[in-house]
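**Student:** Shown below is the structure under consideration.
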Amino acid sequence: MEELLYLYGVTWKEEAQETDMTQWRGVDDSHHLFHIELGNLAAVVSFVDESEFGEEVLEEKTNEMEWLRKKAFRHHEVLLQLNDGMTLIPMKFATIFKKEENLQHKAAVYETEWKIILQQLQGTEEWNVKIYNRSDLLKEHTAARHPEVMKRKEDIAQMSKGMQYLQTKKLDSFIQEIVSQEQETYAGNLHHRFKEFCVDTNSKKVWNKNVTGKDEEMCWNGAYLLKKEQVEPFLEQVTTAQENGRDAGWMIEVTGPWPPYHFSDTKTVSGVEG
Amino acid sequence: MSRREQFENRDIALIDILDTVLDKGVAIKGDVIISIAGIDLVYLDLKVLISAVETLVQSQQNEISSENMDKEKEELEYAVERP
């Protein structure tokens with residue numbers, strides 16, 4: 001049976017040498033991990049059977065959600081394990097080479113970029129933050145606490161019955177307007193606050209309710225690259241934001257540390273800012 | 001308890017992992033498999049995946065405690081699925 005090389009990630013040669021990964025199993029739960037030296041770098045790989053990971057088979061396998069779920073999880077699990085002990089450029093699911101020669105060729109093309117990325121990733125962690133909102137709570141909160149709303153309410157109380165009716169309706173749409181603006185700016189403000197702790201940030205796709213399966217609307221989905229020593233103050237800031245936002249219907253989810261999936265893209269390196 | 005201990009490796013949704021480890025993310029419409037000639041990089045067909053994920057999210061909501069899910073949960077020490 002033909003065997004293919006499944007690439008998990010790229011690290012420094014020394015870090016790969018220092019890590020005993022030979023006991024860890026790969027994405028197929030069978031073959032063990034090992035590394036292939038690529039000059040100063042090293043590729044962390046395992047063999048996989050072509051009968052399961054060959055290109056045509058893989059196309060078929062993507063139809064099997066159970067298979068895909070299991071393997072994608074396993075991929076992530078392996079990467080978490082690796083990421084725990086080394087500076088790692090994580091690869092996406094199913095990055096596969098037919099033979100080592102092809103991997104070496106790929107490495108020659110990306111060597112310079114990979115080195116730059118690994119230097120940037122040195123001593124960092126990736127964390128992800130998602131901000132959700134329950135607009136009904138935010139509306140309630142706005143109605144009860146917004147100074148302009150409160151002032152208008154007081155004014156309305158002094159008016160005649162007919163005027164009160166009209167002005168209350170007007171006030172309602174005013175509140176709705178504030179809520180919309182608030183949703184737009186709140187997530188942005190939080191992002192900027194979180195950003196101050198970070199080496200780099202990346203925005204992720206905001207999912208709709210069909211995807212999240214939540215009642216709350218997702219307003220922001222972002223990835224944050226932090227120096228290790230900044231993680232604690234960053235999470236402290238997130239916690240403060242969670243507490244401050246709760247009454248007004250804000251829900252902030254933080255997950256990590258992730259393998260730096262969102263800060264390892266070779267295509268972005270040449271145009272990187274700062 | 002540090003904030004790190006409080007948040008580390010908790011509450012990672014299935015969808016989040018799939019969205020991250022699959023090449024183009026769940027919400028983007030991919031075309032066919034991209035195979036770079038001679039390099040053998042294989043990426044998944046996301047068109048197929050999107051519908052699969054949608055089905056999965058629905059079944060997640062409906063059958064949280066199905067046998068499969070329990071089995072998956074045991075297997076995955078890092079990833080915690082959420083309804």
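The values are calculated or read from the model by the stated rules, or taken from the named source; none is laboratory data. Bear in mind that the values here come from a model prediction, so they are computed numbers and not experimental data. Please note: Cβ atoms are built from the backbone with ideal geometry, for glycine as well, and neighbour counts cover all protein chains shown. What goes into the accessible areas is simple: the full protein's heavy atoms, side chains included, and nothing from ligands, DNA or RNA. Shrake-Rupley method; radii C 1.70, N 1.55, O 1.52, S 1.80 Å.
**Student:** First compute the accessible area of the stretch A:97-173 with a 1.4 Å probe, then give the percent of it belonging to carbon and sulfur atoms.
**Tutor:** 52
**Student:** If you take the accessible area of A alone, add that of B alone, and subtract the area of the pair, what total do you get in Å², probe 1.4 Å, to the nearest 100? Could you put the intermediate results ahead of the total?
**Tutor:** Values: alone 15790 and 6790 Å², together 17910 Å².
The A and B chains share an interface burying roughly 4700 Å².
**Student:** I would also like to ask the following. Shape call for the stretch A:125-269 from the C-alpha gyration tensor, a ≥ b ≥ c root eigenvalues: rounded (a/c under 1.5), prolate (a/b greater than b/c) or oblate?
**Tutor:** prolate
**Student:** Can you classify chain A as rounded, prolate or oblate using the Cα gyration tensor, where a ≥ b ≥ c are the square roots of its eigenvalues, rounded means a/c under 1.5, and otherwise it's prolate if a/b beats b/c and oblate if not?
**Tutor:** Here chain A falls in the prolate category.
**Student:** Over chain A, what is the relative contact order in percent, taking alpha-carbon pairs closer than 8 angstrom and at least six residues apart? Each step should come with its number before you reach the end.
**Tutor:** Details: 404 pairs, mean separation 63.9, N = 274.
Once normalised by length, the contact order is 23 percent.
**Student:** Using the structure shown, select from A:K61/A:K115; A:K139/A:K227; A:K139/A:K204; A:K115/A:K209; A:K161/A:K214 the pairs with a Cα to Cα distance greater than 31 angstrom.
**Tutor:** Violating the 31 Å Cα-Cα cut-off are A:K61/A:K115; A:K139/A:K227; A:K115/A:K209; A:K161/A:K214.
**Student:** Quote the accessible area belonging to A:T62 in square angstrom, nearest 10, computed with a 1.4 Å probe and with ligands, DNA and RNA left uncounted.
**Tutor:** Rounded to the nearest 10, the figure is 0 Å².
**Student:** Just to check I understand the Karplus step: with θ = phi - 60° and J = 6.51 cos²θ - 1.76 cosθ + 1.60, what whole-Hz values come out for the stretch A:259-264, glycine and proline as x?
**Tutor:** Once rounded to whole Hz, the list reads x, x, 4, 8, 10, 10.
**Student:** Can I ask one more? Accessible area drop of at least 20 Å² (1.4 Å probe, protein heavy atoms): which residues of the stretch A:200-222 qualify, relative to the chain alone?
**Tutor:** Residues losing area: A:K204, A:K205, A:W207, A:N210, A:V211, A:G213, A:K214.
**Student:** Here's another thing I want to ask about it. Can you give me the solvent accessible area of A:F34 with a 1.4 Å probe, rounded to the nearest 10 Å²?
**Tutor:** 60
**Student:** Which order do A:D20, A:D155 take by accessible area at a 1.4 Å probe, largest first?
**Tutor:** Reading off the accessible areas and sorting them downward yields A:D20, A:D155.
**Student:** If you rank A:S51, A:S264, A:S135 by how much accessible surface each has, with a 1.4 Å probe, what is the order from largest down?
**Tutor:** A:S51, A:S135, A:S264
**Student:** Same structure, new question: Do the sum for chain A: with -39,500 (n - 2.57) for every DSSP H run of n ≥ 4, divided by all residues, what is the mean residue ellipticity at 222 nm, to the nearest 500 deg cm²/dmol?
**Tutor:** Taken over chain A, the calculation gives -16500 deg cm²/dmol.
**Student:** On to the next question. Let a ≥ b ≥ c be the square roots of the eigenvalues of the Cα gyration tensor of the stretch A:38-98; is it rounded (a/c under 1.5), or, if not, prolate (a/b larger than b/c) or oblate?
**Tutor:** Oblate shape, in that a/c is at least 1.5 and b/c is the bigger or equal ratio.
**Student:** Can you tell me the orientation of helix A:65-85 relative to chain A, as the angle in degrees between its alpha-carbon axis and the longest Cα principal axis, to the nearest 10?
**Tutor:** Computed tilt is about 80 degrees.
**Student:** Could you grab the Rg to Rh ratio for the stretch A:3-122? Cα atoms only, Kirkwood for Rh.
**Tutor:** 0.96
**Student:** By the scheme Lys and Arg +1, Asp and Glu -1, what is the net charge of all other residues having a beta-carbon under 11 Å from that of A:G85?
**Tutor:** Working: positive: none; negative: A:E15, A:E18, A:D20, A:D84.
Neighbourhood net charge equals -4.
**Student:** I've got another one for you. Once phi is turned into θ = phi - 60°, what whole-Hz ³J(HN,Hα) does the Karplus curve with 6.51, -1.76 and 1.60 give for every residue of the stretch A:100-108, x standing for Gly and Pro?
**Tutor:** For the stretch A:100-108, the Karplus curve yields 4, 3, 5, 5, 4, 5, 4, 4, 4 Hz.
**Student:** Determine how large the accessible area of A:E100 is when every protein chain is in place; take a 1.4 Å probe and give Å² rounded to the nearest 10.
**Tutor:** Here the residue's solvent-accessible area equals roughly 90 Å².
**Student:** Now, a different point. If you roll a 1.4 Å probe over the stretch A:193-262 with all protein chains in place, what percent of the accessible area is carbon or sulfur?
**Tutor:** On the way: 1260 of 3110 Å².
Percent of accessible area from carbon and sulfur atoms in the stretch A:193-262: 40.
**Student:** May I ask you to derive the FRET efficiency for A:Q242 and A:F174 from their Cβ-Cβ distance with R0 = 35 Å, giving the value to the nearest 0.05?
**Tutor:** Plugging the Cβ-Cβ distance into 1/(1 + (r/R0)^6) gives 0.80.
**Student:** Right, here's the next one. For a quick check: with amide H placed at 1.01 Å from N, whose amide H comes under 5 Å from A:T87's, ignoring anything fewer than 5 positions away on the same chain?
**Tutor:** So A:T87 has HN proximity to A:W12.
**Student:** Just checking the output field for A:235-242: average partner chain Cβ neighbours within 10 Å of each residue's Cβ?
**Tutor:** Counting Cβ atoms of other protein chains within 10 Å of each residue's Cβ and averaging gives 2.
**Student:** How high is the relative contact order of the stretch A:1-104, given as a whole-number percent (alpha carbon pairs under 8 Å, six or more residues apart)?
**Tutor:** 40 percent.
**Student:** Additional query: Per residue, how large is the accessible surface of chain A? Use a 1.4 angstrom probe and give square angstrom.
**Tutor:** 49
**Student:** Turning to a different aspect of this structure: Give me the inter-chain shielding for A:72-82: mean count of other chain Cβ atoms within 10 Å, whole number please.
**Tutor:** 5
**Student:** Now for a separate question. Can you work out the Karplus-derived ³J(HN,Hα) for every residue in the stretch A:159-175? Use 6.51 cos²θ - 1.76 cosθ + 1.60 with θ = phi - 60°, whole Hz, and x for glycine or proline.
**Tutor:** Along the stretch A:159-175, the couplings run 8, 6, 3, x, 5, 4, 4, 4, 5, 5, 4, 4, 5, 4, 5, 4, 4 Hz.
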